[in-house]
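Visitor: This structure is in structure tokens; I'll ask about it shortly.
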Amino acid sequence: LKDQFDNLDKHTQWGIDFLEKYAKFVKERIEIEQNYAKQLRNLVKKYCPKRSPKDEEPRFTSCIAFFNILNELNDYAGQREVVAEEMGHRVYGELMRYSHDLKTERKMHLQEGRKAQQYLDMCWKQMDNSKKKFERECREAEKAQQSYERLDNDTNATKADVEKAKQQLNLRTHMADENKNEYAAQLQNFNGEQHKHYYIVIPQIYKQLQEMDERRTIKLSECYKGFADSERKVIPIISKCLEGMILAAKSVDEHRDSQLVIDCFKSGFEPPGDFPFEDYSQNIYRTISDGTISTPKQEGMRIDSKTTVGKAKGKLWLFGKKPKPQSPPLTPTSLYTSSTPNGSQYPIFSIEPVHYCMSDIKTGKPRIPSFRSLKRGYFYLQGPALEDFSHLPPEQRRKKLQQRIDELNRELQKETDQKDALIKMKDVYEKNPQMGDPGSLQPKLTETMSNMDRLRMEIHKNEAWLSEVEGKVAARSDRRHSSDINHLVTQGRESPEGSYTDDANQEVRGPPQQHAHPNEFDDEFEDDDPLPAIGHCKAIYPFDGHNEGTLAMKEGEILYVIEEDKGDGWTRARRHNGEEGYVPTSYIDVTLEKNSKGA
């Protein structure tokens, strides 16, 4: 029985150790969940940085979907934290408390069992002592009886010796009887205690240990279930997070993203026109038909293209050519200086006509719009941003102006609400003077009214700029539509000799017309003659013109217009003294001459 008690002691200790082992497992699982949630949150924070409210990054649907997925992942990390918290509170904490209570209960039951065993051992010792004493007294009584019988049979023994031996025998016999009775009592008591010990006390202690171990097993079962329930409770929310990720993936719209890119980078500039056909063989034909120009004279007038290009490149200006005194233009009809006997004219080239032809070839090259855009792009980088956003392309300028108008309207609404609140407060103060002085609100009310007037003026000014931009965009689209129609219609073309032909293959363009890429080629080569005026303009506002390539002007000053606004907010003008430069279109009143584009 003692061995079984020790076995139960070992078994209950193993049960407590297993309980603590499972608690340690739950603790490590909690740490894993916490670290996982922390790493997920750090991942979300890394790829979803905080943006300022003024950030104007295009919100593509793919970016929005990714941000939504990060938000769902952040919620998922929160659910992992909920799992860890639930496990820590419901499983790990409960296991640690129960383990402490279980150790206390087990210690109490084991102490009760040891006490019962010690009491039984004490009863057995008392019974054993009484037994040994009874046995000793019996042996002494037997010795006394033998001594009495020996003296009683001995004839030589005296009567006194016999009586003394008889008394000793009676004494030992009486003591043996008393020890016998004591031994019997102790034996009966021990048997009773032993029966009670093995049939009442120990079974009760074992039963208590059994119940304790069963409760431990039940607690483990409950913790197993709670461990799983902690995960199962968050499954619906985790499913919603995953569904949110799927919906975010389905919300990606490639067409909308493409439209955002178009809206973001749409400039509103017109595309470059077609390059004209350049017939360099006209000089060959004229040389063959010319009999008055000698070979040495032609060689003396030959222009080295490399030298011309090199010199022209050395004269490049950032915003067009350097103004030169205008020389009277030569017409192709002036080339006819002789006639045949039958009265027909034939071309006779002199030095001036050859110079005209070479100038014709040089200035008749196609104008490259990209040079002009590069020139003005350089100016935008050099100069400060203007208030009317005229440094931006038309479409971007319209967007910026619309955004500014919306912001000003919001500010105006705030000021209006503040004015209404001040008026109501002033009325309350006038009706109840004890609440405050109405005059103390007048400065604030005056300031609010002044701010409202200022905002209205700003809105009106920006709306005027917006109307101007929208009008120019509409006019440009109409002009582009009409130019496309005119491009498809083939009419008579002027031949190099001044005649007209209907054959498009024989078309040779002379000096470039103003309406076909005006002043585009000035960025690479400088013409000998200044551009003709296509109208005039009057300065409405003064302009300083500090930046290179701009033209300063005073209010009311009259200037020649040599190049229209291409949609970037700048018009090229010239003073009477020949000085040229760009002026803001919104600062001038332009009047174009009729048929000026064909002049």
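The values are calculated or read from the model by the stated rules, or taken from the named source; none is laboratory data. It should be emphasised that the depicted structure is a prediction, and the values quoted were computed from it without experimental measurement. Positions of Cβ are generated from backbone atoms using ideal geometry, with glycine treated the same way; all protein chains shown enter the neighbour counts. Please note that ligands, DNA and RNA were not included when accessible areas were found on the heavy atoms of the full protein model with its side chains. Shrake-Rupley method; radii C 1.70, N 1.55, O 1.52, S 1.80 Å.
Visitor: From the P(r) of the range 4-258, can you give the percent of Cα pairs sitting at distances over 21 Å? Intermediate values should be presented prior to the final figure.
Guide: Values: 24669 of 32385 pairs.
Value for the range 4-258 (Cα pairs over 21 Å): 76 percent.
Visitor: Given axes a ≥ b ≥ c from the Cα gyration tensor, I'd like to know whether the range 535-592 is rounded (a/c under 1.5), prolate (a/b larger than b/c) or oblate. Write down the numbers at each step before the final one.
Guide: Details: a/c = 1.14, a/b = 1.05, b/c = 1.09.
Rounded.
Visitor: On to the next question. Pairs Lys143/Lys180; Lys38/Lys240; Lys399/Lys554; Lys250/Lys400: which exceed 24 Å Cα-Cα? It would help to have the intermediate numbers written out before the result.
Guide: Details: Lys143/Lys180 17 Å; Lys38/Lys240 20 Å; Lys399/Lys554 30 Å; Lys250/Lys400 32 Å.
As for pairs spanning more than 24 Å Cα to Cα, those are Lys399/Lys554; Lys250/Lys400.
Visitor: Turning to a different aspect of this structure: Sequence-distant or interchain residues sharing an amide H contact under 5 Å with Ile562, placed H: which?
Guide: Ile534, Arg572, Ala573, Arg574
Visitor: Charges only on Cβ, +1 for Lys and Arg, -1 for Asp and Glu: so what's the dipole of the range 394-475 about the Cα centre, in debye to the nearest 20? Show your work: numbers first, answer last.
Guide: On the way: 16 positive and 16 negative charges, 49 e Å.
My answer is approximately 240 debye.
Visitor: Still on this structure, please answer the following. Express the accessible area of the range 4-258 per residue in Å², computed with a 1.4 Å probe while the remaining protein chains stay in the model. Provide the component values of the computation, followed by the final result.
Guide: Details: 17150 Å² over 255 residues.
Roughly 67 Å² per residue, with all protein chains present.
Visitor: Shape of the range 28-124 from its Cα gyration tensor (a ≥ b ≥ c, root eigenvalues): rounded if a/c is under 1.5, otherwise prolate when a/b > b/c, or oblate?
Guide: Values: a/c = 7.66, a/b = 6.93, b/c = 1.10.
Prolate shape, in that a/c is at least 1.5 and a/b is the bigger ratio.
Visitor: Using 0.36 nm times the number of residues separating Leu43 and Asn547, minus their current alpha carbon distance, what extension gain do you get?
Guide: Residue separation times 0.36 nm, minus the Cα-Cα distance, leaves 176.6 nm.
Visitor: Would you mind checking the range 184-221 for residues with the amide N under 11 Å from a putative spin-label position 7 Å along Cα→C-beta of Glu112?
Guide: Answer for this model: 201-212.
Visitor: Shifting gears a bit: Residue farthest toward the positive end of the dipole of the range 69-146, with Cβ of Lys/Arg at +1 and Asp/Glu at -1: which of Tyr98, Tyr119, Gln79?
Guide: Tyr119
Visitor: While we're on this one: Based on the Kirkwood radius over alpha-carbon pairs, what is the Stokes-Einstein translational diffusion coefficient of the range 394-475 at 20 °C with 1.002 mPa s viscosity, in µm²/s?
Guide: Values: Rh = 14.7 Å.
Value of D from the Cα-based Kirkwood radius: 145 µm²/s.
Visitor: For a quick protection proxy, order the peptides 456-462, 399-405, 561-567 by their average other-Cβ count within 10 Å, most packed first. Show your work: numbers first, answer last.
Guide: Numbers: 456-462: 15.1, 399-405: 17.6, 561-567: 21.1.
Sorting 456-462, 399-405, 561-567 by mean packing, highest first, produces 561-567, 399-405, 456-462.
Visitor: Cα-Cα over 26 Å: which of Lys24/Lys207; Lys461/Lys566; Lys196/Lys219? Intermediate values should be presented prior to the final figure.
Guide: Numbers: Lys24/Lys207 29 Å; Lys461/Lys566 22 Å; Lys196/Lys219 33 Å.
Violating the 26 Å Cα-Cα cut-off are Lys24/Lys207; Lys196/Lys219.
Visitor: Next up: Among residues other than Phe543 whose Cβ falls under 10 Å from its Cβ, what is the net charge (Lys/Arg +1, Asp/Glu -1)? List each step's numbers first, then the result.
Guide: Details: positive: Lys554; negative: Asp544, Glu555, Glu557.
Around Phe543, the surrounding residues sum to -2.
Visitor: Turning to a different aspect of this structure: Is the shape of the range 389-430 best called rounded, prolate or oblate, per the rule: a/c under 1.5 gives rounded, else a/b larger than b/c gives prolate, else oblate, with a ≥ b ≥ c the square roots of the Cα gyration tensor eigenvalues? Before the final figure, lay out the partial values.
Guide: Values: a/c = 10.00, a/b = 6.01, b/c = 1.66.
Prolate, since a/c reaches 1.5 and a/b exceeds b/c.
Visitor: Pull up the DSSP beta bridges for the range 535-592 and report the antiparallel fraction as a percent, rounded to 5.
Guide: Working: 18 of 19 bridges.
For the range 535-592, the DSSP antiparallel bridge percentage is about 95.
Visitor: Still on this structure: Measure off, as a whole percent, the carbon and sulfur share of the 1.4 Å-probe accessible area of the range 115-222, all protein chains present. Don't skip to the end; give the middle numbers.
Guide: Numbers: 3620 of 7590 Å².
Reported share for carbon and sulfur atoms: 48 percent.
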